[in-house]
Each structure stands twice: as C-alpha cells, then as structure tokens.
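I have placed the structure first, in the form of structure tokens, so that the comments after it can refer back to it.
The values are calculated or read from the model by the stated rules, or taken from the named source; none is laboratory data. Worth saying up front: this structure is predicted, and the values here are computed from it rather than measured. All Cβ positions, glycine included, derive from the backbone under ideal geometry; neighbour counts span all protein chains shown.
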Amino acid sequence: AEPIRAAQPAAAGPASQFVLALSWLMIGTVVGAGLLYAIASLRGFSLN
C-alpha cells in the first residue's frame, strides 16, 4: 500500500488512476492537517 508502488505504470487503467488519486488525496489531507496543527502550535495555544 505504498504510494511508490501505486505510482508504478504496471497497472494502468481507470481503477488504478482512481486509487492513485485517492491515495494522493489522503496524503494531502494528512499533510495539510499536520501543517495546520503545526502552525496553530507555533502561534501558541490562544485558540483554546
């Protein structure tokens, strides 16, 4: 279930393209959430 293994052009097709897009979307969501949490932490805990 690695992104590198999913990015291989061995299994080309609509299904693999959908899985690849979904995996990148999940990675982007996790990275975005972590980045927002890091920014909120650096700005202090004034949001609480």
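Per this entry, Val30 is not counted among residues that are part of a helix (DSSP H, G or I), at pLDDT 65 or above and touching a helix residue (DSSP H, G or I) at 6+ places or on another chain (Cβ under 7 Å).
Quick grid of which residues meet (1) surrounded by fewer than 10 Cβ atoms within 10 Å (Cβ to Cβ); (2) modelled with pLDDT under 85:
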{"site": "Glu2", "(1), (2)": "yes, yes"}
{"site": "Ala11", "(1), (2)": "no, yes"}
{"site": "Ser23", "(1), (2)": "no, no"}
{"site": "Gly34", "(1), (2)": "no, no"}
{"site": "Ala38", "(1), (2)": "no, no"}
{"site": "Phe45", "(1), (2)": "yes, yes"}
{"site": "Asn48", "(1), (2)": "yes, yes"}
